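Engineer: Questions regarding the structure given below will be posed in turn.
The values are calculated or read from the model by the stated rules, or taken from the named source; none is laboratory data. The structure displayed is predicted, hence computed values, not measured ones. Virtual Cβ from ideal backbone geometry, glycine too; neighbours counted across all protein chains shown. Note: accessible area is taken over every heavy atom of the protein model, side chains too, but ligands, DNA and RNA are not part of it. Shrake-Rupley method; radii C 1.70, N 1.55, O 1.52, S 1.80 Å.
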Amino acid sequence: MELSKKYNASESEKKWSDYWEKEKLFKFSPGKKIYSIDTPPPTISGTIHIGHAFSYSQAEFIARYKRMKGFSVFYPFGFDDNGLPTEKFVEKKRKIKASKMDRNEFIKICLEETLRAEEEYKKVWKSLGISCDWNLFYSTISPKVRKISQLSFIELFEQGREYRKEAPTIWCPDCQTAISQVELEDKEFDSTFNDVLFETEDGKKIVISTTRPELIPACVAVIVNPEDKKNNYLIGKKIKVPLMDYSVQVFGDKRVDPNKGSGIVMNCTFGDQVDMEWWKAFNLPLRIIINKYGKLNEKAGKFEGLKLKEARKSILEELKTKNLLKEQRPIKHAVNVHERCQTPIEFLVTKQWFIKYLDLKDEFLKAGKTLNWFPEFMKHRFDNWIKGLQWDWCISRQRFYGIPFPVWYCNKCNETILADKKSLPVDPLKDKPKKSCKCGSTDFIPEKDIMDTWATSSLTPLINADWKGKTDFNKEIFPMSLRPQGHDIITFWAFNTIVKSLLHTKKVPWKDIMISGWGLDSKGKKMSKSKGNVITPEQIIQRYSADALRYWASTINLGYDAPFQEKDVQTGQKLITKLWNASKFSIMNLEDFNGKKPKELELMDLWILHKFNETIQNMTKHFDAYEYGKAKSELELFFWNDFTDNYLEIIKDRIYNEEKRGKQSKTSAQFTLETILLGILKGFAPIMPFITEEIYQLYFAKKEKQKSIHVSAFPEFQKELENKKAFDAGQKAIEVISKVRKFKAEKHVSLKAEIILSLEKETTNSIGTALDDLKAVCNAQIKEGKFELKLAETEQK
């Protein structure tokens, strides 16, 4: 692109994206200083929206910065393309149901769709300027990753950390699978608090208030607080369950709130965690009335076959008919839902695989303390999650597409048979164990369940470091330097990765963790297709540019959610235009510069070099603390206020009037101009990689003998550029210029209008050699005296 032309973002961005890929510019090469990034593998589950661009750009700023600081940056990219999210995506796209077709055929379709989606995702990331090394690409469904995930399972089984048990399980009726505690969200629903009449054996009516009347057939006990004087007389008595032909016993437990409802509660199997604790504590019978499809079973009597909502309605109607519903009060209450489908969860007793880790909560908290959290306050979410853990990690899923457990069960003695490590990855539905069972039987039942996708995603640092692979475990990469991720998956991804890393290596997987917020729609709402508020990166890139979109991402601090504001993108586009125009002016006026630093520099050149040196020092401090927004703001302020508004205007007379001002004066301006422009480009390069590359290639690439600005050195703070005396004098000159501009604006005259400027002797002595610059930029006749501004006689006419 020629300097004489207007900057064309779409042309430039494609050109440099192709160039970087062709030159393998971001290919990892082991070096003395390695900076390794545990890149979040996006889930193949739909369209990439602006929120993804927001968080991935923020991490990418750091990758580019570290590369320019001389690090060999290990920046892989992967896709999380197995498990429930991908299944749902494929089912919706193809309008099919995995449960109603051949499993192998469904898996084949999933593989086809994920490959297509990955190619589309890659295009978006490349258009956004994500500078990862695509040679370090991985997929969580690939044979290599399946092998690592299955090895992880076998190793933890051998450690005694995994067990299979029939136990109360969190169950999603819509997805028809067990899920883990981490997959729960609270969602507020409109409901009713129902006062239901139960009856003691001697015929006395008592009121039990419940929000879940559909669980009445699952009632196995009634609980009161033993210190509740109005109700503790019931302890030990039998209570008839309404609409059902059986009675239950009353027990005492201090967890019952005497002031909530009647102070009497029913214990069902199961409505919540407390129900389970009472069931265990009092050794109660099990009455599971809900099947895996979310319908009531035969234990619900006449309500068998009804879905939960239908059962709720029918049971309430029956209670009303029999005068057993005393009162109903409308309420709003939070219900646990599955975060994937927003369906209220239930508790079923099913056989599942678990990772035992509740005994390690203190170790996990200690591990969190060894990490550097950016921002620091995000550590509280991690700590609170661990302190609130009540379940071991359920890692089995009753789904179809994912990584199989490398397990069979002996049909004769029920022994668990693990796959031979050398034969991994395996699919027990297709493969057979290499040896017979220790009982001698060769009749095996394959495990049909698949692993939770987080059981594999939590291995990304080990996947990247080739744990248990063909090459030696890469200790230069692991522990990794940085984990960038969103705040919404601290409990999913960050926590589970720490768990797996500690169990397998006894090490915390990274040194730093950088937490981004969510990119929201313009009204502050989470983007979703159903709401019709999804904004895609492609839309913004086509309308403005990738650099402008990245600029918007740089305006939001780590850890904070931010609504998408198009005005911020527009601000970024204005900066790009100004940077192009300022560079055009600079480069055109450097054509006759010999590239050598003059023996002496003019005062205003010393002033701007000192100011830029300070800016670089602050930028480096901010970038090192992952405060990319503050780094960008420092440079942006310098660029607009000091460089374009003041310095470029100040040096024009020296550049244009060499005969009048002298060769030395012009050379000083040219040296400083070249130095500052190069520094500005490099400072903006991590945030706006395309425009900076375009300008760099026009002039600086040959001078520095570099393939790209992105592998050149980031500006360093230089002690020798500090010149407080010149800086203070320059600041006084800038103050005068500012007053002159204000004066001319108030007089409604051109900035080129001639004025008479009276300056006190102290000021003229301080500004000294910059007086000629001051005269030129202000078009002023300078006199000594009390500070005064007035128009020259020619202007007054």
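Engineer: Checking the condition open to solvent by less than 60 Å² (accessible area, probe 1.4 Å) and in contact with a Leu (Cβ under 8 Å, 6 or more places away or on another chain), which residue from Leu136, Leu151 passes?
Structural biologist: Leu151
Engineer: Restricting to segment 517-570, name every residue that is among the hydrophobic types (A, V, I, L, M, F, W, C) and in a loop (DSSP other than H, G, I, E, B).
Structural biologist: Trp518, Met527, Val534, Ile535, Ile556, Leu558, Phe564
Engineer: Under 7 Å between Cβ atoms, at least 6 apart or on separate chains: pull out the pairs that start in segment 712-739 with a residue that is closer than 27 Å to Ala63 by Cα and end on any residue that is among the aromatic types (Phe, Trp, Tyr).
Structural biologist: Phe714/Tyr65
Engineer: Within segment 193-220, how many residues turn out to be touching a residue at least 40 places away in the same chain (Cβ under 8 Å) and either at positive phi or among the acidic types (Asp, Glu) (or both)?
Structural biologist: 4
Engineer: With (1) modelled with pLDDT of 90 or more; (2) in a loop (DSSP other than H, G, I, E, B); (3) surrounded by 14 or more Cβ atoms within 10 Å (Cβ to Cβ); (4) not polar (S, T, N, Q) as the list, and Gly305 as the residue in question, which single condition is left unmet?
Structural biologist: Going through the list (1) modelled with pLDDT of 90 or more; (2) in a loop (DSSP other than H, G, I, E, B); (3) surrounded by 14 or more Cβ atoms within 10 Å (Cβ to Cβ); (4) not polar (S, T, N, Q), Gly305 breaks only (3).
Engineer: Still on this structure, please answer the following. Quick one: which residue in Thr140, Thr177 is over 15 Å from Arg340 (Cβ atoms) and among the polar types (S, T, N, Q)?
Structural biologist: Result: Thr140 is the single residue among Thr140, Thr177 that is over 15 Å from Arg340 (Cβ atoms) and among the polar types (S, T, N, Q).
Engineer: Kindly establish whether Lys351 is out of contact with any His (no Cβ under 6 Å at 6 or more places or on another chain), open to solvent by 70 Å² or more (accessible area, probe 1.4 Å) and modelled with pLDDT under 95.
Structural biologist: In short, yes.
Engineer: Same structure, new question: How many residues does segment 502-534 contain that are open to solvent by less than 80 Å² (accessible area, probe 1.4 Å) and either farther than 27 Å from Pro375 by Cα or of a type outside the set (Val, Ile, Thr) (or both)?
Structural biologist: So the count comes out to 20.
Engineer: Taking Leu360 as the residue in question, decide whether it is under 20 Å from Lys500 (Cβ atoms) and either at pLDDT 95 or above or among the hydroxyl-bearing types (Ser, Thr, Tyr) (or both).
Structural biologist: Yes, satisfied.
Engineer: Only one of (1) β-branched (Val, Ile, Thr); (2) surrounded by 20 or more Cβ atoms within 10 Å (Cβ to Cβ); (3) part of a loop (DSSP other than H, G, I, E, B) fails for Ile288. Which number is that?
Structural biologist: Unmet for Ile288, out of (1) β-branched (Val, Ile, Thr); (2) surrounded by 20 or more Cβ atoms within 10 Å (Cβ to Cβ); (3) part of a loop (DSSP other than H, G, I, E, B): (2).
Engineer: Within segment 308-352, how many residues are within 20 Å of Thr269 (Cβ to Cβ), of a type in the set (Lys, Arg) and part of a strand (DSSP E or B)?
Structural biologist: 1
Engineer: When Leu324 is evaluated against the numbered criteria (1) modelled with pLDDT of 95 or more; (2) farther than 22 Å from Ile515 by Cβ; (3) surrounded by fewer than 17 Cβ atoms within 10 Å (Cβ to Cβ); (4) not β-branched (Val, Ile, Thr), which criterion, by number, is the only one it fails?
Structural biologist: Every listed condition holds for Leu324 apart from (3).
Engineer: Quick one: in segment 260-285, of everything that is among the acidic types (Asp, Glu) and touching a residue at least 40 places away in the same chain (Cβ under 8 Å), which residue is surrounded by the most Cβ atoms within 10 Å (Cβ to Cβ)?
Structural biologist: In this case the residue turns out to be Asp275.
Engineer: Another question, if that's okay. Looking at this structure, is Ile513 part of a loop (DSSP other than H, G, I, E, B), touching a residue at least 60 places away in the same chain (Cβ under 8 Å) and in contact with a strand residue (DSSP E or B) (Cβ under 7 Å, 6 or more places away or on another chain)?
Structural biologist: In short, no.
Engineer: A further question follows. Among the residues of segment 643-662, are any open to solvent by 40 Å² or more (accessible area, probe 1.4 Å) and closer than 30 Å to Ala562 by Cβ?
Structural biologist: yes
Engineer: Scanning for something surrounded by fewer than 16 Cβ atoms within 10 Å (Cβ to Cβ) and farther than 21 Å from Ala729 by Cα, does segment 597-610 turn up at least one residue?
Structural biologist: yes
Engineer: Among what's in segment 663-692 and is of a type in the set (Ser, Thr, Tyr) and in contact with a helix residue (DSSP H, G or I) (Cβ under 8 Å, 6 or more places away or on another chain), pick the residue that is most open to solvent (accessible area, probe 1.4 Å).
Structural biologist: That would be Thr675.
The rows are residues; the columns are (1) open to solvent by less than 60 Å² (accessible area, probe 1.4 Å); (2) of a type outside the set (S, T, N, Q); (3) at pLDDT below 90.
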residue	(1), (2), (3)
Lys97	no, yes, yes
Met101	yes, yes, yes
Tyr121	yes, yes, yes
Ile130	yes, yes, no
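This table checks each residue for (1) at pLDDT below 95; (2) in contact with a Gly (Cβ under 8 Å, 6 or more places away or on another chain).
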{"position": "Ser139", "(1), (2)": "yes, yes"}
{"position": "Ser152", "(1), (2)": "no, no"}
{"position": "Pro168", "(1), (2)": "yes, no"}
{"position": "Glu183", "(1), (2)": "yes, no"}
{"position": "Glu188", "(1), (2)": "yes, no"}
{"position": "Ser191", "(1), (2)": "yes, no"}
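Engineer: Suppose we filter Ala770, Ala776, Ala745 for residues that are open to solvent by 20 Å² or more (accessible area, probe 1.4 Å) and closer than 15 Å to Glu649 by Cα; which single one remains?
Structural biologist: Ala776
Engineer: Here is a further query. Which number in (1) surrounded by fewer than 17 Cβ atoms within 10 Å (Cβ to Cβ); (2) assigned to a helix (DSSP H, G or I); (3) in contact (Cβ under 8 Å) with a residue 12 or more places away in the chain marks the one condition that Asn581 misses?
Structural biologist: (3)
Engineer: Can you tell me how many residues in segment 354-374 are surrounded by fewer than 18 Cβ atoms within 10 Å (Cβ to Cβ), assigned to a helix (DSSP H, G or I) and under 24 Å from the mean Cα position of the chain (by Cα)?
Structural biologist: 4
Engineer: Sticking with this structure for a sec: Residue pairs, Cβ under 9 Å, 6 or more apart or interchain, first in segment 541-560 and of a type in the set (Val, Ile, Thr), second in a loop (DSSP other than H, G, I, E, B) and open to solvent by 30 Å² or more (accessible area, probe 1.4 Å). List them.
Structural biologist: Hits for this filter: Thr555/Gln565.
Engineer: Would you say Leu637 is over 33 Å from the mean Cα position of the chain (by Cα) and either surrounded by fewer than 24 Cβ atoms within 10 Å (Cβ to Cβ) or more than 25 Å from Ile513 (Cα to Cα) (or both)?
Structural biologist: No: the conditions fail for Leu637.
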